[in-house]
Amino acid sequence: MRKVLLGKSGLEVSAVGFGGIPIQRIGQDEAVGVLRRALDLGVTFIDTATGYSDSQLKIGAAVKGRRDGLVLATKSGDPTRDGVLRDVERSRQQIGVDVIDLYQLHSVSDRGRWEKVSGPGGALEGLLEARDAGHVGHIGVTSHNLDLALEMIEHPAFETVQFPFNLVTSEPADELVPKVRELGLGFIVMKPLCGGQYDNARLAMKFLNGYPDLVAIPGIQRAEEIEEIVSLVESGEMLQGDEKAEAAAIVAELGKLFCRRCGYCQPCPQGVAITMAMTFEGAAKRMPREQLVKDWALRVARVPDLCVECGECEEKCPYDLPIIETIKRTGELARAMMDAV
Ligand code: SF4
Ligand code: SF4
């Protein structure tokens, strides 16, 4: 498969990587089978996170004996030095490798969090120590906040940035992609298939074929999915003619309807976890139900009681999303899920 250089990290990876969220939903043997099928197709980049339950363990089982030539990436959401060092150790043990090639700060999407992770005793300090100790090869950051990402990538510690970029969420094309190129970083495309907002891999991957120096990491659960995506990327075909019109219609329909998790609407004066509630329906399609109920549902279920419909969040959302209506609906969904357990 075509290779892409992840900027100044010097890491060379397959143009399609393997996103490790959906394998949480399937059993170990099935996950290993899907991952190995991806490796057989020439995928050399696998990305996961400490927060994706047993994903690291399944990846560890799949890459056992096949480590050579792979670039393994994971991430930690712990904001502290000590916490991230513990996570690095856990990642090395669970994946079964001495060195994690790329370790990322997970979802740094608001300024308070950035100040914490980059300040004294913060996670970045821990990752730099892990890199000095040879436990981590390179350091990157992931985010959903465009303004913050534009600022964070100037930090000299980072060699990659992971950000949502797809047919529907194409805003990064204006400033973030050019700046990443200018700084010589690697761009890892989060949610290349539009975060499950629609099912057309053909149009989504043809859109991204227009950015051949970026690495897409679609979340994969079945062998047929990675087979289709690899073949679309290998074709190198871009959107043209009728497809452009088809894509424009999809963007018109979806573009103003789904949450980018940018966090601009927060904080809510009533303490509503707005982003979590806005993305709950999408998460319900990707995450295991038990994990969703354990980690998210309780907070989302409180939303209808907490929200006083002041409208502050809707004024701040740059995408004019109907936040109040959406979070009340997902609050009810969370309650129904909890009742059913
Ligand atoms: S409308 Fe509801 S969620 Fe939005 S800021 Fe007001 S209380 Fe918070
Ligand atoms: S609701 Fe709007 S402002 Fe809030 S996270 Fe989603 S897209 Fe961003």
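The values are calculated or read from the model by the stated rules, or taken from the named source; none is laboratory data. Quick caveat, the model's predicted, so the values are computed rather than measured. All Cβ positions, glycine included, derive from the backbone under ideal geometry; neighbour counts span all protein chains shown. Heads up: the accessible areas ignore ligands, DNA and RNA and are worked out on the full protein's heavy atoms, side chains in. Shrake-Rupley method; radii C 1.70, N 1.55, O 1.52, S 1.80 Å.
By how many nm would the segment from Leu306 to Glu227 grow when fully extended, if each residue of separation counts as 0.36 nm and the alpha-carbon distance is taken off?
Working: separation 79, 0.36 × 79 = 28.44 nm, distance 4.48 nm.
My answer for the length gained is 24.0 nm.
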Q) Hey, quick one: spin label on Gln270, modelled 7 Å out along Cα-Cβ, who in region 282-304 has an amide N within reach, i.e. under 16 Å? A) 299-304
Q. Out of region 26-76, which trypsin sites (Lys or Arg not before Pro) are coil in DSSP terms and have no more than 14 other C-beta atoms within 10 Å?
A. Lys64, Arg66, Arg67
Q) Just how many % of Cα pairs in region 1-139 lie over 18 Å apart, if you round to the nearest whole percent? A) 54
Q: Would you grab the residues whose amide H sits under 5 Å from the one on Gln104? Only those 5+ places off in sequence or on another chain, please, with H modelled 1.01 Å from N.
A: Thr74, Lys75, Ser76, Gly140
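From the helices alone, meaning DSSP H stretches of at least four residues, give me the mean residue ellipticity at 222 nm for the chain, per-run term -39500 (n - 2.57), in deg cm²/dmol to the nearest 500.
Numbers: 17 runs with 151 residues, N = 341.
Computed ellipticity for the chain at 222 nm equals -12500 deg cm²/dmol.
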Q: Have a look at the DSSP beta bridges in region 53-210 and tell me what percent are antiparallel, nearest 5.
A: 5
Q: At 1.4 Å probe size, with no ligands or nucleic acids counted, give the accessible surface of Ile21 in Å², nearest ten.
A: 40
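Could you tell me which GluC sites (Glu not before Pro) in region 224-292 are loop residues by DSSP with no more than 10 other beta carbons within 10 angstrom of their beta carbon?
Numbers: sites: Glu224, Glu225, Glu227, Glu228, Glu234, Glu237, Glu243, Glu246, Glu253, Glu281, Glu290; in loops: Glu237.
Passing sites in region 224-292 do not exist.
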(Q) Can you tally the lysine pairs in region 169-316 where the Cα-Cα distance is under 29 Å and the two residues are eight or more apart, or on different chains? (A) 20
Q. Between region 268-341 and region 100-145, what is the C-alpha centre distance in whole Å?
A. 28
Q | Sequence-distant aspartates and glutamates (8 or more away, or on other chains) whose Cα lies within less than 16 Å of Lys8 | A | Asp101, Glu154, Glu159, Glu182, Asp213
Q. Using the Cβ atoms and a cut-off under 14 Å, what net charge is assigned to the surroundings of Gln240, where Lys and Arg are +1 and Asp and Glu are -1?
A. -1
Q. Label-point separation (nm) for Arg329 and Arg66, each offset 7 Å from Cα along Cα-to-Cβ?
A. 4.0
Q) Can you give the extra length, in nm with one decimal, that the chain gains between Glu115 and Met1 once fully stretched, where that is 0.36 nm per residue apart less the Cα-Cα distance? A) 37.1 nm
Q.
Could you work out what % of the accessible surface of the chain is carbon and sulfur, using a 1.4 angstrom probe and leaving DNA, RNA and ligands out of the count?
A. 49
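Starting from the exponent 0.38 and prefactor 2.2 Å, build the expected Rg for the chain from its residue count and divide its actual Cα Rg by it.
Working: Rg = 19.4 Å, N = 341, 2.2 N^0.38 = 20.2 Å.
Against the compact-globule rule of thumb, the ratio is 0.96.
Give me the percent of DSSP beta bridges within the chain that run antiparallel, rounded to the nearest 5.
Numbers: 5 of 31 bridges.
Counting only bridges with both partners in the chain, antiparallel ones make up about 15 percent.
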